[in-house]
Amino acid sequence: MKFKYQARNKNGELQVGFVEAPSKEAAVGVLTRHELFVLSIESEEKGGLRNTVLNLVNRVKVKDIMIFTRQLATLIESEVPLGDALHILHKQITNPVLQEVVFQLFQDIESGLAFSQALERHKDVFSDFFVNMIRSAEVTGRLEQSLLFLADYLEKESQWRGKLTNALIYPIILLVLFLVVGGIMVAVVFPKIEAVFTESNVQMPVFSQIVFSLGTFVAQWWWLLLLGLGVLLFISFDYFRSNEGKAVLGEISLRLPIFGKLFRKIYITRFAQSFAVLIQGGIPVTQAIEIAGDTISNAAYKDVFHRIADGVREGGLFSQLLLSYSRFFPEMVGQMTAIGETTGRLDSIMLKIADFYGREANNMLENLSELLQPMLVAIMGILVAVLFASILTPIYNLAQSFTM
């Protein structure tokens with residue numbers, strides 16, 4: 001079981017963190033042996049909803065892990081012992097969740113665990129790729145270099161997410177505003193105007209009848225629509241969290257216009273860069289394929305990389321297996337990989353692939369807002385035209401009836 005505690009050390013400093021033990025008494029014993037005076041301790045299972053909400057609000061972001069990793073690399077470079085470096089960073093971190101995790105890492109290091117073993121106990125914060133990079137660094141003695149690479153890698157991840165968010169936020173705001181204004185008009189304004197047209201026996205076009213009928217329905221059954229929308233969102237969220245749902249969502253994202261091509265470039269960049277560094281760290285090819293594949297959030301790509309790893313174990317060539325999945329990898333990726341296999345420079349070839357597709361992805365992200373905004377303006381223009389035509393046409397017919 002995992003217990004959350006508050007305690008003071010022999011210097012009187014307050015410490016907050018988690019400890020794993022079979023019982024509450026055993027947890028107190030573990031803390032006491034570490035010369036901590038326990039102030040409070042409770043099972044993490046208590047107040048589960050509260051903890052879930054707090055973790056959601058204070059979740060560890062990619063940027064938080066990137067800053068922690070870069071600071072840790074700087075301290076290691078300055079020849080500060082790992083345990084002392086973690087203790088120093090624990091006091092500086094502002095995110096409460098990450099602060100508790102770092103304190104646990106410090107405790108585990110002090111109790112004799114390897115850094116990779118300590119990280120592995122927090123898979124909800126540190127990915128398998130992060131853990132395996134540290135594990136290979138412990139073998140090769142390149143902890144500082146691996147931490148610097150991870151910091152650069154996470155920084156690039158954060159930049160890509162930021163660019164994607166910035167590209168989408170303006171179109172989403174416009175779309176939401178249109179839906180709000182259009183919903184108010186359809187649900188509140190149109191039903192009142194419809195009565196005037198009905199009493200005057202004005203003939204309305206088909207699209208006007210559809211819009212007015214939709215407005216009447218929304219005005220009467222808005223609560224049912226909200227309830228149905230809530231249920232639909234809940235079911236969809238629950239489904240897409242399942243393995244089948246993740247696979248379906250991965251396939252959908254790859255088939256999206258514009259975004260599908262962008263995601264492919266990002267996934268290839270992420271895999272190639274991770275794979276190259278793992279190979280340089282002495283990780284076997286098949287294991288490196290699986291670990292690097294797991295850094296990708298798309299379930300469809302993950303499945304493909306696991307199939308490729310199995311194919312390599314059975315004696316297949318990595319490059320030929322990549323070429324056999326042409327929907328996921330452009331032909332150039334397989335051809336360059338074949339060159340790397342022939343020359344024995346697979347790691348450097350993968351870094352070239354990562355650099356090429358990384359620049360392609362950056363260019364697409366920078367141009368994404370310029371591509372989306374005209375499309376969105378055109379779609380919204382059509383919708384606005386339909387709304388205004390549905391009300392202006394009956395008004396014109398009504399005016400014509402008075403002039404006759």
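The values are calculated or read from the model by the stated rules, or taken from the named source; none is laboratory data. Owing to the predicted nature of the structure, the values given are computational and were not obtained by experimental measurement. Here the Cβ is made from the backbone with ideal geometry for all residues, glycine too, and neighbour counts use every protein chain on show.
What the table shows:
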| read-out | value |
| --- | --- |
| The stretch 190-215, subset under 40 Å from the mean Cα position of the chain (by Cα) and not small (Gly, Ala, Ser), residue farthest from residue 382 (Cα to Cα) | 214 |
| Tally, over the stretch 335-390, of residues that are within 18 Å of residue 266 (Cα to Cα) and in contact with a Pro (Cβ under 9 Å, 6 or more places away or on another chain) | 2 |
| Residues that are modelled with pLDDT of 80 or more and among the acidic types (Asp, Glu), drawn from the stretch 349-386 | 355, 360 |
| Which listed residue is hydrophobic (A, V, I, L, M, F, W, C), at pLDDT 85 or above, within 18 Å of the chain's Cα centre (by Cα) and within 28 Å of residue 363 (Cα to Cα), from 247, 272, 276, 300 | 300 |
| Residue in the stretch 152-162 that is surrounded by fewer than 17 Cβ atoms within 10 Å (Cβ to Cβ), over 20 Å from the mean Cα position of the chain (by Cα) and at pLDDT 80 or above present | no |
| Qualifying residues in the stretch 142-165 (those that are part of a helix (DSSP H, G or I) and among the charged types (D, E, K, R)) - the one farthest from residue 273 (Cα to Cα) | 163 |
| Residues being crowded, with 20+ Cβ neighbours inside 10 Å and free of Cβ contacts under 8 Å to residues at least 24 places away in the same chain - total across the stretch 91-117 | 3 |
| Residue among 126, 68 that alone is of a type in the set (Phe, Trp, Tyr), outside any helix (DSSP H, G or I), out of contact with any His (no Cβ under 6 Å at 6 or more places or on another chain) and surrounded by 18 or more Cβ atoms within 10 Å (Cβ to Cβ) | 126 |
| Evaluation of residue 258 against (1) among the aliphatic types (A, V, I, L, M); (2) farther than 27 Å from residue 139 by Cβ; (3) buried (at least 21 other Cβ atoms within 10 Å of the Cβ) (one fails), failing number | (3) |
| Near pairs, Cβ below 9 angstrom, 6+ apart or cross-chain, from the stretch 209-235 (surrounded by 10 or more Cβ atoms within 10 Å (Cβ to Cβ)) to any residue that is part of a helix (DSSP H, G or I) and of a type in the set (Phe, Trp, Tyr) | 211/190; 212/190; 212/197; 214/190; 215/190; 216/190; 219/190; 225/217 |
| Any hit, the stretch 198-221, residues being aliphatic (A, V, I, L, M), touching a helix residue (DSSP H, G or I) at 6+ places or on another chain (Cβ under 6 Å) and within 30 Å of residue 370 (Cβ to Cβ) | no |
